[in-house]
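Coordinate-derived values only; no laboratory data. As the structure is a computational prediction, the values presented were derived from the model and not from experiment. Please note: Cβ atoms are built from the backbone with ideal geometry, for glycine as well, and neighbour counts cover all protein chains shown.
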Amino acid sequence: MITDLHTPLGEEVLELRAGDRITLSGRVYTARDEAHVRMQEEGIPFPAAGAAVYHCGPVVQGDRIIAAGPTTSARLNDLSDFLLDAGVRALIGKGGMGKQVQRALAGRAVYLAFTGGCAALAASRMTLAGVYYADLGMAEAVWAIDLDRLPLVVGMDAHGNDLFAGVQSRAHERFAALVRERSW
Amino acid sequence: MSFPEHAGFLESLAVAVESALKEAEIGLPHDVLQALISASARETDPTARAELENICANIREAKNRQVPLCQDTGVPVIFLTLPEGWGYTAAMEEAVRTGIERATASVPLRPNVVNPLSRCNTGTNTGTRMPDVHVRRGDHVSVTVLPKGAGSENVSRIGMLLPSERDAVGRFVAETMLLAGGRPCPPVVLGVGIGGTFDTAASLAKEALLQPIDSMTAFEQDLCNAVNDLGIGPMGLGGDTTALAVKVLCADCHTASLPVAVNVQCWACRRATRRVEE
């Protein structure tokens, strides 16, 4: 079953479990490394309560989003606590995030994974609504985007479950088994 | 045959490079598309199946909108085939650059090429010793482009194994994927170069990515099965499909050496070829 969620998000994110498929609609905000640093220094320029932050540097042409796939979220491991403290309910990106973020998500927010490289699919579900920090350049600016049912999977839930960490730990076990079976 | 420095030929070469880049960035080759569709039909893990469905939907959207599949439009790796008696000239190199610069503006491509130390962007997707041009011999002039993204390139590895460790080739290939996890945007294609010298192995690994992935030798299939046994799955979220294919190229090597290189390629295994009229 697929749950349809809409921003601003509230306590409904606490119901989600790692592995659940959802769609997300409504306003989201893109942010990469530079934007996280600026927001920490100057404050968050958008309403943070219930917000969703998308790790993405889109290609924008005029008022049209051409490509908007996710970037690697782990680069923002040490730069995300303040967003969650301010009431952000979802981080969206690819590849998962570290233990520190998992602790910061507990009891309040989720990490949602979007399929890496799917820039055209993402763009087809997006309408551009505005921009903050335009001086940081196209990739690093904070773009306000309205989503129409972007398909996502819950990678990390608010209860300490992490799909990526589980897969990686099983992969290590299977590799050890391959080494034994094949006398590598 | 016309003289290879002829302006008409050089313009045809530039046009071929631009046109091949446009095709490669917007759509996948038939064999890769089929591999993704069959993987999606075969996949037993629901999360993995949803990821593969997103990838297939993305391919359709890119085609409908005539936009690049991925915002990382890569750096252009060029394979130029020249007939016997032809040399790769400075004018041909210039024509290849012109084709890349035109494609950067017309597709458009993200400017990805920077100085490695100052990180200053050239803005054109060309630069010092960039693009990397591999010259091969053939019956006619043709150009193949392989736009290479960084997420998968960054987890590629080379190892100088011990000659007594022939079985360790499989271990090295599987270990490369274990260390990479979800970072290279699996399902991947692995290009494996075995033998030659240090640099030959890496070059063969890249060239292996040009081969169609709709068939594998028994050796390649065995390596592919081992990688899929890891269960990393699409995007590292788990599942049956970690690698679509493993392709291997070999060169003879020193009796005391066993170089092995693994060039990792994300699901967007982009390549396109154009024949250039001589």
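What's the average, rounded to a whole number, of partner chain beta-carbon atoms within 10 Å of each residue's beta-carbon in B:137-149?
Mean partner-chain Cβ count within 10 Å for B:137-149: 0.
Where does helix A:33-42 land angle-wise versus the long Cα axis of chain A, in degrees 0 to 90, nearest 10?
That works out to roughly 60 degrees.
Can you give me the angle between helix B:7-26 and the longest principal axis of chain B, using Cα atoms only, in degrees from 0 to 90, rounded to the nearest 10?
Roughly 30 degrees between the two axes.
Whole angstrom only: what separates the Cα centroid of segment A:111-184 from the Cα centroid of segment B:211-253?
23 Å
Hey, could you get me the Stokes-Einstein D for segment B:151-265, Kirkwood radius over alpha-carbon pairs, 37 °C and 0.692 mPa s, rounded to whole µm² s⁻¹? Let's see the in-between values first.
Numbers: Rh = 13.7 Å.
Estimated diffusion coefficient is 240 µm²/s.
Take the alpha carbon gyration tensor of chain B, find the square roots of its eigenvalues, order them as a ≥ b ≥ c, and report rounded if a/c is under 1.5; if not, report prolate when a/b exceeds b/c, else oblate.
Values: a/c = 1.83, a/b = 1.28, b/c = 1.43.
Since a/c reaches 1.5 but b/c is at least a/b, the shape of chain B is classed as oblate.
Mind sorting B:Ile55, A:Ile44, B:Ile232 by how few other Cβ atoms lie within 10 Å of their own Cβ, fewest first?
Numbers: B:Ile55 26, A:Ile44 21, B:Ile232 31.
Arranged by neighbour count, lowest to highest, B:Ile55, A:Ile44, B:Ile232 become A:Ile44, B:Ile55, B:Ile232.
Quick check on packing: order B:169-178, A:63-72, B:193-202 by the mean number of other C-beta atoms within 10 Å, highest mean leading. Provide the component values of the computation, followed by the final result.
Details: B:169-178: 22.5, A:63-72: 20.8, B:193-202: 19.3.
The packing order, highest mean first, is B:169-178, A:63-72, B:193-202.
If a/c stays under 1.5 just call it rounded; otherwise compare a/b with b/c (prolate if a/b is bigger, oblate if not). Do that for the protein assembly as shown, with a ≥ b ≥ c from the square roots of the Cα gyration tensor eigenvalues.
oblate
Using packing as a proxy for protection, rank A:101-109, B:236-244, B:80-88, B:10-18 so that the peptide with the highest average count of other Cβ atoms within 10 Å comes first.
Numbers: A:101-109: 18.2, B:236-244: 25.1, B:80-88: 14.4, B:10-18: 21.3.
Highest mean packing first, the order is B:236-244, B:10-18, A:101-109, B:80-88.
Could you tell me, in Å, what Rg and Dmax come out for the Cα atoms of segment A:129-184?
Radius of gyration, then largest Cα-Cα span, for segment A:129-184: 20.5, 58 Å.
Check B:Asn125: other-chain or 5+ apart residues with amide H under 5 Å from its amide H, H built from backbone geometry?
The answer is B:Asn112, B:Val113.
Can you put B:Ser152, B:Ser118, A:Ser80 in order, fewest other beta carbons within 10 Å first? Walk me through the numbers on the way to the answer.
Values: B:Ser152 28, B:Ser118 7, A:Ser80 24.
Starting with the residue having the fewest Cβ neighbours, the order is B:Ser118, A:Ser80, B:Ser152.
Would you please classify the overall shape of segment A:2-181 from the alpha carbon gyration tensor, given that a ≥ b ≥ c denote the square roots of the eigenvalues, rounded means a/c under 1.5, and beyond that prolate means a/b larger than b/c while oblate covers the rest?
Cα axes put segment A:2-181 in the prolate bin.
What Rg and what Dmax come out for segment B:230-278 when only alpha-carbon atoms are used, in angstroms?
Answer for segment B:230-278, Rg first and Dmax second: 16.8, 49 Å.
Length gain on complete extension for the stretch A:Asp63 to A:Ala106, per 0.36 nm per residue less the alpha carbon to alpha carbon distance? Don't skip to the answer; put the middle values down first.
Working: separation 43, 0.36 × 43 = 15.48 nm, distance 3.68 nm.
Value of the extension gain: 11.8 nm.
Run the quick spin-label model on A:Phe82 and A:Asp146: label points 7 Å from Cα toward the beta carbon, then report their separation in nm to one decimal.
3.0 nm
Starting from the 7 Å offset along Cα-to-Cβ, what nm value, one decimal, do you get for the label separation of B:Asp252 and B:Glu84?
With each label placed 7 Å out from Cα toward Cβ, I get 2.1 nm.
So if I take the centroid of the Cα atoms in segment A:22-58 and the same for segment B:59-84, what is the distance between those two points in Å?
Taking the Cα centre of each part, segment A:22-58 and segment B:59-84 sit 30 Å apart.
Using only Cα atoms and rounding to the nearest 10 degrees, what angle (0 to 90) does helix A:163-181 make with the longest principal axis of chain A?
Compared with the principal axis, the helix lies near 30 degrees.
Between B:Asp167 and B:Asn225, what is 0.36 nm times their sequence separation minus the Cα-Cα distance? Round to one decimal in nm.
Working: separation 58, 0.36 × 58 = 20.88 nm, distance 1.51 nm.
The span from B:Asp167 to B:Asn225 would gain 19.4 nm if fully extended.
A:Met1 to B:Ser118: FRET efficiency via 1/(1 + (r/R0)^6), r the Cβ-Cβ distance, R0 56 Å, to the nearest 0.05? The partial results should precede the final answer.
Details: r = 52 Å, r/R0 = 0.92.
So, using R0 = 56 Å, E works out to roughly 0.60.
Other chains' Cβ within 10 Å of B:223-229 residues: what's the mean? Display every interim value, and only then the final one.
Working: counts 0, 0, 1, 6, 1, 1, 6.
Averaged over the peptide's residues, the number is 2.
Quick check: pseudo-label points 7 Å beyond the Cα along Cα→Cβ at B:Val135 and B:Gln66, how many nm apart are they?
3.6 nm
Please arrange B:Lys63, B:Lys206, A:Lys99, B:Lys247 by counting, for each residue, the other beta carbons lying within 10 Å of its beta carbon, fewest first. Each step should come with its number before you reach the end.
Numbers: B:Lys63 14, B:Lys206 22, A:Lys99 10, B:Lys247 25.
Fewest-to-most Cβ neighbours within 10 Å comes out as A:Lys99, B:Lys63, B:Lys206, B:Lys247.
Among A:172-180, A:5-13, how do they line up from the highest to the lowest mean number of other beta-carbon atoms within 10 Å?
Details: A:172-180: 14.0, A:5-13: 15.8.
Ranking the peptides A:172-180, A:5-13 by packing returns A:5-13, A:172-180.
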